[in-house]
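Working notes, beginning with the structure itself.
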Amino acid sequence: MRVFRVPQEWRKPEGARVGFVPTMGALHEGHLSLMRQARRECAVVVASIFVNPTQFGPNEDYERYPRDEAEDLRLCESVGVDAVFAPDVRTMYPRRTTVVAVRGVTERWEGAFRPGHFDGVTTVVAKLFHIVQPDAAYFGLKDLQQCAVIRRMVEDLNFPVELRFCATVREPDGLAMSSRNRYLTSEERRRASSLYRALCECRSEAAEGRSLAITLDRVRMRLEQEGFAVDYVAWIDPQTMDPVDRLKEDSRLIAAVRLGGVRLIDNIGLHED
Ligand code: PAF
């Protein structure tokens, strides 16, 4: 497996389908499942490891975000990644004069709670796409709004890349895998799985025909009783991220909560997850 640290060291192999998995490192099974899927579907698999400073707010966890490059490289190699792009901040941002910003779909939910976050994501993903020139790129549906934002960027700016959005990988108790789960204390970790259970219960009530507003009031109350501070919980259209008041086949239930100092996001569809 090759590791390259500056864009000039990468030349896209001719005639081979390149699959790309962008990450911020601290890899877990969720990332590895994206890499395995890319491995099955593409002749060449490239991953990136870059903790992107522009997508963190001033009071967020950029400094303490978990970093263990040696272990991440070992994991990439174990699932058959061919090359890893692992640049430093100066390489990616010699200046910070250009920003790629998507409007509309970025405004609610994570966009409202984390101002500037999506501008950082779209700017770095646009740069990574230009550098790696993938034919297909793989993202986890756990970050549902990120998927909607990147889809919009790719459509609006005509990036020649096929987007592959892959199912959330969960711990045996239902907690969605996330690099930030390692911030949870053991007591918080035990309680964190109630988020998924509460979402599943809300989905069952909605599927039985209860009013969506009532299902949301009940899940919010349940989460608060279990000690979560709820940033939002909503039924939404995954293309626009707009709230819906009637369910359609592709509607999704999204939530962001805080437990102690840790923020957890999750989402489920009507029929999956
Ligand atoms: O999902 C992530 O890990 C990041 O937002 C991404 C897509 C790698 C951009 O930094």
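Keeping to the range 106-117, report how many residues are near the ligand (Cβ under 9 Å from one of its atoms) and either in contact with a Ser or Thr (Cβ under 8 Å, 6 or more places away or on another chain) or under 15 Å from residue 230 (Cα atoms) (or both).
The qualifying residues number 0.
Under 9 Å between Cβ atoms, which residue pairs at least 6 apart in sequence (or on different chains) link something in the range 109-137 that is within 20 Å of residue 241 (Cβ to Cβ) and in a loop (DSSP other than H, G, I, E, B) with a partner that is of a type in the set (A, V, I, L, M, F, W, C) and away from the ligand (no atom under 12 Å from the Cβ)?
109/234; 109/236; 109/241; 109/254; 109/256
Per-residue answers, yes or no, for (1) exposed (fewer than 14 other Cβ atoms within 10 Å of the Cβ); (2) in a loop (DSSP other than H, G, I, E, B); (3) touching a helix residue (DSSP H, G or I) at 6+ places or on another chain (Cβ under 9 Å); (4) not basic (Lys, Arg):
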{"residue": "16", "(1), (2), (3), (4)": "yes, yes, no, yes"}
{"residue": "20", "(1), (2), (3), (4)": "no, no, yes, yes"}
{"residue": "26", "(1), (2), (3), (4)": "no, yes, yes, yes"}
{"residue": "34", "(1), (2), (3), (4)": "no, no, no, yes"}
{"residue": "58", "(1), (2), (3), (4)": "yes, yes, no, yes"}
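Within the range 215-233, is even one residue under 17 Å from residue 272 (Cα atoms) and buried (at least 17 other Cβ atoms within 10 Å of the Cβ)?
No - not one qualifying residue is present in the range 215-233.
In the range 87-102, which residues are in a loop (DSSP other than H, G, I, E, B) and touching a residue at least 12 places away in the same chain (Cβ under 8 Å)?
Once the filter is applied, which keeps residues that are in a loop (DSSP other than H, G, I, E, B) and touching a residue at least 12 places away in the same chain (Cβ under 8 Å), the range 87-102 yields 87, 88, 93, 96, 98, 99, 100, 101, 102.
Does at least one position in the range 85-92 carry a residue that is closer than 20 Å to residue 178 by Cβ, surrounded by 13 or more Cβ atoms within 10 Å (Cβ to Cβ) and not β-branched (Val, Ile, Thr)?
no
Search the range 141-187 for residues being surrounded by fewer than 17 Cβ atoms within 10 Å (Cβ to Cβ) and acidic (Asp, Glu), and hand back the single one that is farthest from the ligand (Cβ to nearest atom).
Per the stated criteria, the residue is 187.
Scanning the range 36-51 for residues that are part of a loop (DSSP other than H, G, I, E, B) and more than 26 Å from residue 93 (Cβ to Cβ), which turns out farthest from the ligand (Cβ to nearest atom)?
43
Go over the candidates 55, 37 one by one and state the one that is touching a His at 6+ places or on another chain (Cβ under 9 Å) and touching a residue at least 40 places away in the same chain (Cβ under 8 Å).
Being touching a His at 6+ places or on another chain (Cβ under 9 Å) and touching a residue at least 40 places away in the same chain (Cβ under 8 Å) holds for just one of 55, 37, which is 55.
Among the residues of the range 60-85, write down those that are assigned to a loop (DSSP other than H, G, I, E, B), out of contact with any Leu (no Cβ under 8 Å at 6 or more places or on another chain), farther than 15 Å from residue 120 by Cβ and not charged (D, E, K, R).
Scanning the range 60-85 gives 66, 80, 81.
Being in contact with an Asp or Glu (Cβ under 8 Å, 6 or more places away or on another chain) and aliphatic (A, V, I, L, M) is the filter here, so list the residues in the range 142-163 that pass it.
Within the range 142-163, just 161 meets the criteria.
Does the range 52-85 hold any residues that are β-branched (Val, Ile, Thr) and away from the ligand (no atom under 15 Å from the Cβ), and which are they?
79
Any read-out appearing in this document is the output of simple, stated calculations on the displayed coordinates, not a laboratory observation. Worth saying up front: this structure is predicted, and the values here are computed from it rather than measured. With ideal geometry, Cβ positions are generated from the backbone for all residues, glycine too; neighbour counts draw on all protein chains shown.
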